[in-house]
Amino acid sequence: MKYFLFLQIAFIWAIGCENHETSEQLNFRGLAKDQNLDFKGAIAEFTKAIEINPRYSEAYFNRGATKHKLNDYFGAVEDYTKAIDIRPKEGKFYFYRGISKYEQGAFMEAIADFNAAVENYPEYAEAYVHRGMAKDKLKEYKGAIEDYNKAIGIKPKDAETYLFRGMAKDKLKEYNSAISDYTHTIEIDNKEAIAYFFRGRCSLISFNCSFKSFSFNTILLISTKARIMAMFILIARSLLRIPLSIATPCSVKA
């Protein structure tokens, strides 16, 4: 009798363990399908994992991330919110919910989530960058620059952050400082065509002889996308009535 009771308890315990393991296995299977671009299949696996373990925050998070890839930003926000309800101190949940809200155009709500992300993880450079991007959308360029400064302080070798900061300075007509940021971008990633483009544009506006011709000529060597940009540069020169051979303060020798 005792042996039979022991077998029953062992069987119940085994089922419990199997369910727990199955929940994790389903989550990993969902991640594998997500990486293979089978997003609908991934969502189905995450959903099964959640049905087995309704408190599985990572499954909610992963399902939200996959929904975001399908442009289902509302569904992504719902799943990230459920993950936050389970683990309210996890910074990445707020960060990714903020990105989905950003894509929805809810920039103030996105900023609130990025705030929560850095409160829980003060060294979260990507959260500062995205908060800066949201502020940029609200035309809060100085606030955006402050956030990019913080991100650069944490990750000083991130080319994209210098690019974004340069673009914010560009909008404030701080052209020389913007040129410096575009140059930093190029020093870190010399294939960043858009940095050459905007550096050339700022040089054209400010008649900065150091980078104008170099930037415009270099983008032609990078990519097809860069060549298209160059066409716009030529059009801009035409509209500004600046011939290619014009003598500018850069070309006049003493």
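Bear in mind these aren't lab numbers, they're just calculated from the coordinates by the rules spelled out. Note that the structure is a prediction, hence the values are computed from the model and not measured. Cβ coordinates were reconstructed from backbone atoms using ideal geometry, including for glycine residues, and neighbour counts include every protein chain displayed.
List, in the order given, every pair from 135/155; 48/139; 40/155; 33/135; 33/82; 67/137 whose Cα-Cα distance in the structure shown is over 31 Å.
With Cα atoms farther than 31 Å apart: 48/139; 40/155; 33/135.
For segment 56-110, which trypsin sites (Lys or Arg not before Pro) are both in a DSSP coil and crowded by at most 12 other Cβ atoms within 10 Å?
When the trypsin sites (Lys or Arg not before Pro) of segment 56-110 are filtered for loop state and at most 12 Cβ neighbours within 10 Å, 89 remain.
Residue 28 label point, 7 Å along Cα→Cβ, cut-off 12 Å on backbone N: hits in segment 77-121?
none
I'd like the trypsin sites (Lys or Arg not before Pro) in segment 161-204 restricted to DSSP loop residues with at most 14 other Cβ atoms within 10 Å, sorted by number.
Of the trypsin sites (Lys or Arg not before Pro), the ones in loops of segment 161-204 whose Cβ has at most 14 other Cβ atoms within 10 Å are 173, 191.
Classify segment 126-183 as rounded, prolate or oblate, taking a ≥ b ≥ c as the square roots of the eigenvalues of its Cα gyration tensor: rounded when a/c is under 1.5, otherwise prolate if a/b is larger than b/c and oblate if not.
The shape class here is oblate.
Excluding residue 181 itself, calculate the net charge of residues whose Cβ lies under 10 Å from the Cβ of residue 181, where each Lys or Arg counts +1 and each Asp or Glu counts -1.
+1
Within 10 Å of each residue's Cβ, count the other Cβ atoms and sort 34, 79, 72 from fewest upward.
With the fewest neighbours first, 34, 79, 72 line up as 72, 34, 79.
So what's the net charge close to residue 88: Lys and Arg +1, Asp and Glu -1, counting the other residues with Cβ under 14 Å from its Cβ?
Residues close to residue 88 contribute a combined charge of +2.
Where does the charge balance sit around residue 146 when Lys and Arg score +1, Asp and Glu -1, over other residues with C-beta under 13 Å from its C-beta?
Net charge around residue 146: +3.
By how many nm would the segment from residue 115 to residue 36 grow when fully extended, if each residue of separation counts as 0.36 nm and the alpha-carbon distance is taken off?
So the extension gain works out to 25.2 nm.
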